[in-house]
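To start, the structure under review is shown below, and the notes come after it.
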Amino acid sequence: MRKVLIAEDEDIIRKGLAYTIDWLSIGYIMAGEAANGEEGIEKIIELKPDVVIADIMMPKVNGIEMIRLAREKVKFESIILTSYTEFEFARQAIELQAYDYLLKPVDVEALKKIMRKLYEKIERDSQKELLYQQNNQGMNIGLLSCSESYENPYVRKTIEILKSRYADKLSLESISEEIEVSVSYLSRKFKEETGLTYLDFLNQYRIQQAIKLLDEGIYKVYQVSDRTGFTDYKHFCTVFKRYTNTSPTEFIKQKGSTT
């Protein structure tokens, strides 16, 4: 899940966006709120949201300045809200590289559509950053594109299932039965479109998720193994080393030496 913070001085609008939208259904959790720009800066630094939805005209510090100052400390995407249509505000939002710019009153469905697209962008950027880090450490995990980039609907559905349930016991046979297509057809089309076998894709995705968990420094290696669908610890270590050229334990040590 990605985190959202809403900075808006009008209580009705702020509370409405925070509590009437089903954020979980579009991949987000509501991390926090701010009633002015000064509070917004503090909350952004504290909560480190992935997305900040900000009104331009706020007391103490306006939304444009809030985003500019907070970005000196935290990396995040932004969506600008305003009741004003002057080009100057739009120009400033563009300079800030805001993802989008909406007029109030906010069209909730339009906002949800934007947030879904933004979620995909954040995921792609996250994978690219992960791939860059892996390449710097001599790893050989490929960048796995989001499901929307593939043409075949069965391949897209398979990848959606894989990414949402990778921690479960998940075979190509069970997926083909679920989406009502033959195993041989699905296997062939999956390899044609992704360039990988189903098992290789699944293992690479699991290892990418394992690296994220190891980076957090919260879980033991065996816990990461369980959380990413490797019920056998030794098998997890074998697969991890196959794709990263190092063991999970060595990975943690290497990370510690570079921080």
Candidate cut points under GluC sites (Glu not before Pro) in the stretch 1-106, DSSP loop plus at most 10 other Cβ atoms within 10 Å of their own Cβ, are Glu72, Glu86
Relative to the chain, whose Cα atoms define the longest principal axis, helix 11-20 and its Cα axis are tilted in degrees, nearest 10, by 20 degrees
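Please list Arg116, Arg156 in order of solvent-accessible area, largest first, computed with a 1.4 Å probe with all protein chains present. The partial results should precede the final answer.
Details: Arg116 110, Arg156 75 Å².
Greatest to least solvent exposure: Arg116, Arg156.
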Helix 198-216: inclination vs the chain longest Cα principal axis, degrees, rounded to 10, gives 50 degrees
Restricting to Cα pairs under 8 Å and 6 or more apart, the percent relative contact order of the chain works out to 12 percent
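How large, in percent, is the carbon and sulfur part of the accessible surface of the chain at a probe radius of 1.4 Å?
On the way: 6960 of 13790 Å².
Carbon-and-sulfur percentage of accessible area, whole number: 50.
Of the listed pairs Lys163/Lys191; Lys3/Lys121; Lys117/Lys212, which have alpha-carbon separations greater than 19 Å here? Let's see the in-between values first.
Numbers: Lys163/Lys191 17 Å; Lys3/Lys121 14 Å; Lys117/Lys212 22 Å.
From Lys163/Lys191; Lys3/Lys121; Lys117/Lys212, over 19 Å: Lys117/Lys212.
Given the chain, what whole percent of its Cα pairs are spread farther than 24 Å? Before the final figure, lay out the partial values.
Working: 18952 of 33411 pairs.
Value for the chain (Cα pairs over 24 Å): 57 percent.
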Env charge @ Ser174, Cβ radius under 15 Å, K,R +1 / D,E -1, value -3
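Per residue, what accessible area does the chain have, given a 1.4 Å probe and all protein chains present, in Å²? Intermediate values should be presented prior to the final figure.
On the way: 13790 Å² over 259 residues.
With all protein chains present, the chain gives 53 Å² per residue.
The values are calculated or read from the model by the stated rules, or taken from the named source; none is laboratory data. Everything numeric here is computed off the predicted structure, so don't read it as measured data. We place every Cβ from the backbone using ideal geometry, glycine too, and count neighbours over all the protein chains shown. Heads up: the accessible areas ignore ligands, DNA and RNA and are worked out on the full protein's heavy atoms, side chains in. Shrake-Rupley method; radii C 1.70, N 1.55, O 1.52, S 1.80 Å.
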